[in-house]
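Each remark here refers to the structure printed beneath this line.
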Amino acid sequence: MRRTKVIDALQSTDYGKEITVMGWVRTHRSSKAVDFIALNDGSTIKNIQVVVDAGTVDEETLKQITTGACIGVTGTLVESPAQGQASEVKCQQITIYGLCGNDYPMQKKGQSFEVMRKNAHMRLRTNTFGAVMRIRHNMAMAIHTYFHEHGFFYFHTPLITASDCEGAGNMFQVTTKNLYDLKKDEQGKIIYDDDFFGEQTSLTVSGQLEGELGATALGAIYTFGPTFRAENSNTPRHLAEFWMVEPEVAFLDQEDLMDLEEDFIKYCVRWALDNCKDDLEFLNKMVDKTLIARLEGVLKETFVRLPYTEGINILQQAIKDGRKFEFPCNWGDDLASEHERYLVEEHFKKPVIMTDYPRSFKSFYMKQNTPTEEGNADGPSVGYKGAVAPGPTMQGTDVLFPQIGEIIGGSVREESYDKLMSEVKRRKMDQSHLWWYIDTRRWGSCPHGGFGLGFERLILFVTGMQNIRDVIPFPRTPKNAEF
């Protein structure tokens, strides 16, 4: 069965040629003389119009063709007199593949995103979600293309792990044990000797630690795969299952890392503007009228590089000037999304790369800035461009975007065995599952760094959608694992 995709039919000028198009009915308008059917097969945001003259198709058949029905149409490609489309199909024959009743949840009338989430098995057929999913595909292609062109190797890291990269403990456990008959020791702790892996394992929250091993062998690698966090957060920015892009590079410093972050994100935005024009124009009209201007603005601006200490000073001055925030923002506090967005959207009005965060809320593997008091590892630090902080800071490099907040979290990694071990001991971390990671600092260690990009957060920014559950086909959130 040979068919022509709707996107190809709309672009064709081979008028007079017989073609067959197949897809799902968006609308069907009838009159005594002619019927008009808008057909879409997912290949483009645009529908192709099918013109059915009276007598061409049995009237009873036409009555069955409602919104959502799946049909095939054979007819002649003709030049369209209608504004906004070059081609349409003059129908000769219709084949019905699947009828759709009046209880079809995705009717032409507007549906709220909340209603569509409850019908996630059908929402992909709507214009909005079709556009989002095509853009999602294009962003994945942009990511692979960027890293391939820049000499990175695609590196697969495990989904099942015995280590907690972030140290937060919010992980989904993986086990084959009988949960109704768990063996425990004298202290009441579960014995894992008889489990599949012989030890406690979980779904990964990040491929970074293993990615570092790849970078110290291949020079530059990136991972791109699903990650999992059992964090009980019902916010528009959190998912329990999401995709992460994590490059790791040997022999780069903090400034090199920031250059990579900015170049990479601009490449992805440029790709969207170049390859997703129709979908972006639709979302710009229906979802966010500032979307395209905001994307274009990212390409024009040089990202601000802002030490955390300077950022805190700006926020505290804003408070003095009357700006109210829900959460505190003193030195040592982990900034909330409202603080990040203030810096990006109101103060600088451009993307910001925030650097040199306090050690207190950053991960153990980050490189610590040099203390100003020699020999005092807990004293003040000299951060990027000489900014003096009142306490120890790490060489973090987080990219903050308008409407999103943090879109990239990165850092230079600590390459010194002694310094890494000192931080592990200071935090009283269990070394039994990290010995292999610590070994990389014993044998041929090198300066290196990398970042993690939340793929869904990138899609949020590029599409203008407001809830992260609407940029992944089937969201996994607390109390929700349907579809």
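For L420, all conditions in the list (1) surrounded by fewer than 19 Cβ atoms within 10 Å (Cβ to Cβ); (2) closer than 22 Å to Y357 by Cβ hold save one; what is the number of the exception?
(1)
Select, from P351, P392, P380, the only residue that is touching a helix residue (DSSP H, G or I) at 6+ places or on another chain (Cβ under 7 Å), farther than 25 Å from L299 by Cα and not aliphatic (A, V, I, L, M).
Going through P351, P392, P380 in turn, the sole match is P392.
Looking only at residues in region 96-153 that are among the β-branched types (V, I, T) and in contact (Cβ under 8 Å) with a residue 24 or more places away in the chain, which one is most open to solvent (accessible area, probe 1.4 Å)?
Out of the qualifying residues, it is I96.
Would you be able to tell me the number of residues in region 282-309 that are in contact with a strand residue (DSSP E or B) (Cβ under 6 Å, 6 or more places away or on another chain) and either outside any helix (DSSP H, G or I) or without any contact (Cβ under 8 Å) to a residue 24 or more places away in the chain (or both)?
5
Can you find even one residue in region 428-446 that is closer than 30 Å to E301 by Cβ and either at pLDDT 95 or above or open to solvent by 10 Å² or more (accessible area, probe 1.4 Å) (or both)?
No: zero hits.
Only one of (1) at negative phi; (2) touching a residue at least 24 places away in the same chain (Cβ under 8 Å) fails for D356. Which number is that?
(1)
What is the residue count in region 314-335 for residues that are within 18 Å of K349 (Cβ to Cβ) and either charged (D, E, K, R) or surrounded by fewer than 20 Cβ atoms within 10 Å (Cβ to Cβ) (or both)?
5
Filter region 169-189 down to residues that are without any contact (Cβ under 8 Å) to a residue 40 or more places away in the chain and either surrounded by 14 or more Cβ atoms within 10 Å (Cβ to Cβ) or in contact with an Asp or Glu (Cβ under 9 Å, 6 or more places away or on another chain) (or both), then give me how many there are.
Total satisfying the criteria: 5.
Name the strands (runs of 3 or more DSSP E) wholly inside region 154-258 in which the number of residues that are within 18 Å of R457 (Cα to Cα) is 1 or more.
220-228, 241-250
State whether one or more residues within region 369-377 are in a helix (DSSP H, G or I), open to solvent by less than 30 Å² (accessible area, probe 1.4 Å) and closer than 23 Å to Q208 by Cα.
no
Just checking, how many residues over region 397-416 are surrounded by 23 or more Cβ atoms within 10 Å (Cβ to Cβ) and farther than 21 Å from W243 by Cα?
Residues that pass the stated criteria total 3.
The values are calculated or read from the model by the stated rules, or taken from the named source; none is laboratory data. Quantities reported herein were computed from a predicted structural model and do not represent experimental measurements. Positions of Cβ are backbone-derived with ideal geometry, glycine not excepted, and every protein chain shown enters the neighbour counts. Accessible surface areas use protein heavy atoms only, side chains included; no ligands, DNA or RNA. Shrake-Rupley method; radii C 1.70, N 1.55, O 1.52, S 1.80 Å.
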